[in-house]
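S.K.: Sharing a structure here in structure tokens format.
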Amino acid sequence: MSWLHELRDRIRASRERDADEREMAEEMTFHLEEAEKTYRAQGHEAAAARRLARLHFGSVDRFQEEARSESRAPWLEQFVEDVRYAFRTFSRQKVWAFSIVLVLALGVGANTAVFSLVDAVLFRPPDAVRPQELVRIYGVDEEDESSTSYPLFLDFKRARGLSEAAAIQAGTPVTVVNGSAPAERRISTIVTGNYFTLLGTKPLVGRLLSAQDDVSKGAHAVAVVSYNYWREAFAGEASAIGGTIRVNGTPFTIIGVTPRGFKGESFDHDTEIWLPMAMIEVAVPDWIELEPLERYGFSFLDIVARLRPGTSLEQAQAELNSIAIAADREASPPREVKVLPAGAATIGLEQAPAATRLSWILLGVVGMVLLLACADVAALLLARAEPRSRELGVRVALGATRGRLIRQLLSESLILALCGAAGGIMVAELLRRGALKIAPENFLIPMASATPVLDARVLGLAALTSIACALFFGVAPALAATRMALPNVLRGQVAGLRVFRGLRFTARDGLVVLQLGLCLIFLAGAALLGRSIRHASALDLGFDRENLFIARFDLRRNGYDRARSEIFYRQLLERLRSEAGVSAAALAFHPTVRNSGLRNSTSFEGHVYATPEAIPSNDLNLVTPGYLQTVGTRLLAGRDFTDADTRNGTPAVLVSKALADKYWAGQNPIGKHIGNITDPAAEIVGVFANAKYRTLREEPHPLVLMSLWQNHITPMSVLVRSDLEPAVVQQLIVRAVGGLDPNVPVFATSTMEESLAEAFAQERLLGILLAAFSVLALTLSAAGLFALVSYIVKSRTREWGIRIAIGARPEEITWLVQRRGAGIAIAGVALGLVGALILTRYLQTLLFGVQPNDPISFALAALILLGVSLVAGYLAARAATRTDAMTALRTE
């Protein structure tokens, strides 16, 4: 009958606070004591509730009549009244309401932010009218290249199954000069004249390319610019239309601006300038000799098309395959033509599998964050529902229906959900901006194409997610509370599942176990990625990563031929090496540890090959003398390149130890010859130590270095070793290049440490996310366990008083309480270990030097979680030892 005592206490407090109500309070106390005597003996709590209701509300009949009148009121009035009541309730429980909104905002914000980042990879349709009609066409050859030649595109365009088709060469870097501004490197896309018409795109300003802008080769120097470039370079002025920019030295007239955020059929590249296909040789000058618009054998295009009504993907693919087989000119036709829905091909075929996998991993991670947030919200709602169950019981006794109670609780949950959604949007925008800052340019997921948080689809997801969480986890406790037997409600009893003798397992226990389990999964994932990155940072790369700087430049975009390029390269090295603080400088086509590079079929002296196809392919790099010294790779035998290794001398190469061991094991490779690189065969003049070339994960493998003075290639990377500050070295490089030609832009400047960080960018980003979510999960889990143990302590106050009264020691009381918390913590760790063993295997491709079931990572995660849980439980359990026996005995 604790509810009767509670009411008596309130009456006494009212008597002391307000002398004017003393007489009424004394009368109510008299009736209360009489009701207590009568109904305690009979055990009729429902009748007691009605008796008290008459004292408070006048009569049950009048209360029920008010309820019936309320039920006949318009639904809007009822809703407004429910909302007012909810806000009055929240005003009395500000900390509780704020906690729910904060937890919802964190969970919903994390999911919304990640959805905005991966939307372009997984869900977002192309930027086009009726995108469901669009398809992407790929001509896949024997080397699995997905591009198509221009003449074959013209053949495809005449297919009966296609209503229209356009060709694209995306992600083409060009050198742009706008007036007197310095030369810049911008990303262009070269398209056929019908590209924008096919997509149904309308201009923001001016007009877009048309078929008339793509008729005669080299005769249509017009350009369309993106909204962002228009705002950046021309301050968004309409006068930019009709203005001129120089692209690779050729004047182009700006005719229009695309809509804000326009990406077209592909989200791979952040295009800034669109040029007509007729100007392809201006955009890519080193293709002039290859005749890209005439040769069937030169494939460089992607194709987007619309299917003719009634044509299926299979029918279109069969027709295009037959066209490709018939196109037997100059080179073998593609082995197969692939036709895919445009929505399934918004990123490149080569990038798509890894990007999709990483996107789903990120969604899975934040999905667990949302589940953790929901569990915490449910725990908070249950914490409020248990003491509130008496209120619900009294209202039921007074005639309120379950639907009326659930409607009120739904209104409260809806308000919390909307507040959580608003907070989640702000959190999502902060997380999105942070991810865009720390993600590298070559990140698998196209971050520049991330969907804005204020996009209608993203806002809708945030609202639906928040409402679903609050309603689902809010209604469940409400239904549980309204289903409880009225006598149990009035006694303050809470149902639970009895697991062992004397141990009752409640819903709150289950939620805390779930929180702890999810927390351990986050901790295990963060530990795995942390150990992986630590292994990578301690790896012997075969070169010295410290005080090494890299920058790139491209002379071919400025019309340089081989002779002019060599003069530029030599003068640049002379300038850099003469700078104070620069200890070494060199040029290389391929900077170390990049997921790219040259490969070449190479024959080796002393080895016989049955067919040309049997000749092995090996990695190749072109460098200047002094490259090994600059990067810090040891020369093991022979000599380095010198300035005497020119086109007029004997071709010379350096080989890695892995190559020498593979093809001349036990022999001296110096003086051996390598074929198929130059004619005549090149002589090996030196052997250098193994070093990483493409990725940090690769094992030592064959690598050939050739002298740049004997061969020509662009673009180039300049490498500088210096102990100066990075910003100073960057300025030295820019000044040296600009002093030779101010129209040659320098781009991709970084330290070697930064470059290596990009090699593990996705692992590092995911590790940061998991670490942040681990801290959040650990905080919420510890708070949940603390609240649970505190609730246990409070609910058993009378028991602690009895135990203390009969002589129990404080440490015994602490152990009794701590035992319950420790059991829940152990259950959470066990659940988390099982989940981690299942889920961490999806991180296999992201790990380096660590297995997904690494025992050290799992043990570290379990120890951290157990330690924090035990501390949280101990702090809450100490309250039981400070219980006064006499006060505790009077609580019931």
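The values are calculated or read from the model by the stated rules, or taken from the named source; none is laboratory data. A quick note: this is a predicted structure, and the numbers were derived from the prediction, not measured. Reconstructed Cβ throughout: ideal geometry from the backbone, glycine too, with neighbour counts over all protein chains shown. These accessible areas exclude ligands, DNA and RNA; they are computed on the full protein's heavy atoms, side chains included. Shrake-Rupley method; radii C 1.70, N 1.55, O 1.52, S 1.80 Å.
S.K.: Here's a check for you: in segment 402-424, which residue that is among the hydrophobic types (A, V, I, L, M, F, W, C) and crowded, with 21+ Cβ neighbours inside 10 Å is nearest to M447 (Cα to Cα)? So that I can check it myself, show each step before the final result.
M.R.: Kept after step one, since they are among the hydrophobic types (A, V, I, L, M, F, W, C), are these residues of segment 402-424: 405-406, 409-410, 414-419, 421-422.
Pick out the ones that are also crowded, with 21+ Cβ neighbours inside 10 Å and you get 409, 416-417, 421.
On the way: L409: 41, L416: 32, A417: 29, A421: 24 Å.
Across segment 402-424, the extreme among qualifying residues is A421.
S.K.: Here is a further query. Take A470 and tell me if it is hydrophobic (A, V, I, L, M, F, W, C), crowded, with 23+ Cβ neighbours inside 10 Å and at pLDDT below 85. Before you say what the answer is, go through the steps one by one.
M.R.: Details: hydrophobic (A, V, I, L, M, F, W, C): yes; crowded, with 23+ Cβ neighbours inside 10 Å: yes; at pLDDT below 85: yes.
It is true that A470 is hydrophobic (A, V, I, L, M, F, W, C), crowded, with 23+ Cβ neighbours inside 10 Å and at pLDDT below 85.
S.K.: Give the residues of segment 629-669 that are open to solvent by less than 30 Å² (accessible area, probe 1.4 Å) and outside any strand (DSSP E or B), sorted by residue number. Full working, then the answer.
M.R.: Residues of segment 629-669 open to solvent by less than 30 Å² (accessible area, probe 1.4 Å): 630-631, 633, 641, 645, 651-656, 658-660, 663-664, 669.
Within segment 629-669, T630, V631, T633, F641, D645, P651, A658, L659, A660, Y663, W664, P669 meet the criteria.
S.K.: In addition: Cβ-Cβ below 7 Å, separation at least six or inter-chain, first residue in segment 441-458 and within 18 Å of S755 (Cα to Cα), second acidic (D, E) and not in a loop (DSSP other than H, G, I, E, B): which pairs?
M.R.: Correct list of pairs: N442/E758.
S.K.: Give me the pairs, please: first residue somewhere in segment 690-717 and under 15 Å from R556 (Cβ atoms), second residue anywhere and part of a loop (DSSP other than H, G, I, E, B) and of a type in the set (D, E), beta-carbon distance under 8 Å, and either six or more positions apart or on two chains.
M.R.: Filtered contacts from segment 690-717: T714/D554; P715/D554; M716/D554.
S.K.: Looking only at segment 309-321, decide whether some residue is open to solvent by 10 Å² or more (accessible area, probe 1.4 Å), under 30 Å from V176 (Cβ atoms), free of Cβ contacts under 8 Å to residues at least 12 places away in the same chain and not in a helix (DSSP H, G or I).
M.R.: Within segment 309-321, none of the residues are open to solvent by 10 Å² or more (accessible area, probe 1.4 Å), under 30 Å from V176 (Cβ atoms), free of Cβ contacts under 8 Å to residues at least 12 places away in the same chain and not in a helix (DSSP H, G or I).
S.K.: Could you grab me the full set of residues in segment 829-882 that are among the hydroxyl-bearing types (S, T, Y) and either open to solvent by less than 20 Å² (accessible area, probe 1.4 Å) or under 26 Å from the mean Cα position of the chain (by Cα) (or both)?
M.R.: To start, the set of residues in segment 829-882 that are among the hydroxyl-bearing types (S, T, Y) comprises 840, 842, 845, 857, 869, 874, 881.
T840, Y842, T845, S857, S869 - these are the residues of segment 829-882 that are among the hydroxyl-bearing types (S, T, Y) and either open to solvent by less than 20 Å² (accessible area, probe 1.4 Å) or under 26 Å from the mean Cα position of the chain (by Cα) (or both).
S.K.: With respect to E272, determine if the residue is more than 15 Å from F156 (Cα to Cα) and either among the hydroxyl-bearing types (S, T, Y) or free of Cβ contacts under 8 Å to residues at least 12 places away in the same chain (or both). Steps first, answer last, please.
M.R.: Values: more than 15 Å from F156 (Cα to Cα): yes; either among the hydroxyl-bearing types (S, T, Y) or free of Cβ contacts under 8 Å to residues at least 12 places away in the same chain (or both): no.
The answer is no for E272.
S.K.: Among the residues that make up segment 115-127, is at least one of them among the basic types (K, R), touching a strand residue (DSSP E or B) at 6+ places or on another chain (Cβ under 7 Å), in contact (Cβ under 8 Å) with a residue 60 or more places away in the chain and surrounded by fewer than 24 Cβ atoms within 10 Å (Cβ to Cβ)?
M.R.: No: zero hits.
S.K.: Additional query: Looking at segment 539-549, can you tell me whether even one residue there is of a type in the set (A, V, I, L, M, F, W, C), surrounded by fewer than 17 Cβ atoms within 10 Å (Cβ to Cβ) and free of Cβ contacts under 8 Å to residues at least 60 places away in the same chain?
M.R.: no
S.K.: Being polar (S, T, N, Q), under 30 Å from P745 (Cα atoms) and either in contact with an Asp or Glu (Cβ under 9 Å, 6 or more places away or on another chain) or surrounded by fewer than 20 Cβ atoms within 10 Å (Cβ to Cβ) (or both) narrows it down to one residue among S163, S226, S210; which is it? Write out each step before concluding.
M.R.: Details: S163 fails: under 30 Å from P745 (Cα atoms); S210 fails: under 30 Å from P745 (Cα atoms).
Result of the check over S163, S226, S210: S226.
S.K.: Quick one: would you say V215 is under 30 Å from A120 (Cα atoms) and in contact (Cβ under 8 Å) with a residue 24 or more places away in the chain?
M.R.: Values: under 30 Å from A120 (Cα atoms): no; in contact (Cβ under 8 Å) with a residue 24 or more places away in the chain: yes.
No, not satisfied.
S.K.: Follow-up question, since we're still on this one. Take segment 827-863 and flag every residue that is of a type in the set (S, T, Y), within 18 Å of I361 (Cα to Cα) and either in a loop (DSSP other than H, G, I, E, B) or touching a Ser or Thr at 6+ places or on another chain (Cβ under 9 Å) (or both). Spell out the reasoning first.
M.R.: Within segment 827-863, the subset of a type in the set (S, T, Y) is 840, 842, 845, 857.
Next cut, within 18 Å of I361 (Cα to Cα) only: 840, 842, 845.
Listed by number, the list holds a single entry, T840.
Each row is one residue, and each column tells you yes or no for (1) assigned to a strand (DSSP E or B); (2) modelled with pLDDT of 95 or more; (3) closer than 18 Å to P203 by Cα.
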site: G236; (1), (2), (3): no, no, yes
site: I255; (1), (2), (3): yes, yes, yes
site: G261; (1), (2), (3): no, no, yes
site: G264; (1), (2), (3): no, no, yes
site: D268; (1), (2), (3): no, no, no
site: L275; (1), (2), (3): yes, yes, yes
